[in-house]
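One structure is given here, and the rest of the page talks about it.
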Amino acid sequence: MAPTQGQASAGEFRRGNDGNADTRSQIFAATEELLAKVPLHDLSVAQIIEQAEISRATFYAYFSSKFDVVAGLLTKVADDSYELARLFIERADDEPPEDAIRRALEATARLWTTHRFALRAAVEHWHSVAELKTIWLGAAARFTEAIAGEIDRQRATGIAPGGVDSAELTTALLWSTERSFYIAGLDIDTPLSAEAQAVPALYALWRGSIYGADAEIASPRGL
């Protein structure tokens, strides 16, 4: 299947997606450590090189810029996040769908906590940095297609009621989730003081939007 708009094909990803995994992981870890203290727009390649304890030649053997590093990191995080979404998309037949939603949100909250500063940089800069925009919108398109497809399947089997277009619904839910986890990780005075604390409200949002706030979730027809 051809990539949707905003998605890059495998051949379009930068050279930073290839190479020695240990060196790449070392550069990623150094960048995340720095992003906890230095905003992305102030971060320099020289700082990454010093933090990672590598040579300039080694850095440029894997990445072309600081944005290339963050794009490579976000590619990995997006893939990990998609695997967590599969907890809902490909849940076991005997698992209630609302339980699958909660498990997926709890796991995603942990992922956002682990990669808080890289994801914060993505949220703040994806609209203006081409490397990040490709990854971020590509991930959103991938998630939307898969989750909307699962909503359509659940509607077809009677698990979920009909309603607003599934792709439109999924788009709203995904961006609401992104913003909620982003706000929760800012360490500011809001009711959402950490990513895990956002899970109950997000669960209510997802469950209510897909199944109805007070509805008993039906079993598939014929079961």
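A few remarks follow.
- Highlighted here are the helices (runs of 4 or more DSSP H) found entirely within the stretch 18-84 that include at least 2 residues which are at pLDDT below 95: 21-35.
- Any hit, the stretch 43-53, residues being closer than 30 Å to residue 143 by Cβ, β-branched (Val, Ile, Thr) and in contact with a helix residue (DSSP H, G or I) (Cβ under 8 Å, 6 or more places away or on another chain): yes
- Of all residues in the stretch 201-221, those that are farther than 12 Å from residue 158 by Cβ and either at pLDDT 95 or above or outside any loop (DSSP other than H, G, I, E, B) (or both) total 10.
- You will find that of 183, 159, the residue that is among the hydrophobic types (A, V, I, L, M, F, W, C) and out of contact with any helix residue (DSSP H, G or I) (no Cβ under 7 Å at 6 or more places or on another chain) is 183 and no other.
- Inclusion of residue 113 among residues that are among the polar types (S, T, N, Q) and under 30 Å from residue 33 (Cβ atoms) is warranted.
- Candidates 91, 103, filtered to the one that is of a type in the set (Lys, Arg), crowded, with 17+ Cβ neighbours inside 10 Å, under 25 Å from residue 170 (Cα atoms) and without any contact (Cβ under 8 Å) to a residue 40 or more places away in the chain: 91
- Taking the numbered list (1) closer than 21 Å to residue 80 by Cβ; (2) not in a helix (DSSP H, G or I) in turn, residue 193 passes all entries but (1).
- Test result for residue 121, surrounded by 18 or more Cβ atoms within 10 Å (Cβ to Cβ) and either touching a residue at least 24 places away in the same chain (Cβ under 8 Å) or under 15 Å from residue 32 (Cα atoms) (or both): yes
- Matching residues in the stretch 85-115 - criterion: being hydrophobic (A, V, I, L, M, F, W, C), at pLDDT 95 or above and out of contact with any Leu (no Cβ under 8 Å at 6 or more places or on another chain): 101, 109
- Test result for residue 198, touching a residue at least 40 places away in the same chain (Cβ under 8 Å), part of a helix (DSSP H, G or I) and of a type outside the set (Phe, Trp, Tyr): yes
- All positions within the stretch 161-200 that are surrounded by 15 or more Cβ atoms within 10 Å (Cβ to Cβ), at pLDDT 95 or above and over 18 Å from the mean Cα position of the chain (by Cα): 166
- Matching residues, the stretch 41-70, being touching a Phe, Trp or Tyr at 6+ places or on another chain (Cβ under 8 Å) and touching a residue at least 24 places away in the same chain (Cβ under 8 Å): 52, 69
The values are calculated or read from the model by the stated rules, or taken from the named source; none is laboratory data. These figures come from a predicted structure and were not determined experimentally. Note that we place each Cβ from the backbone using ideal geometry, even for glycine, and neighbour counts take in every protein chain shown.
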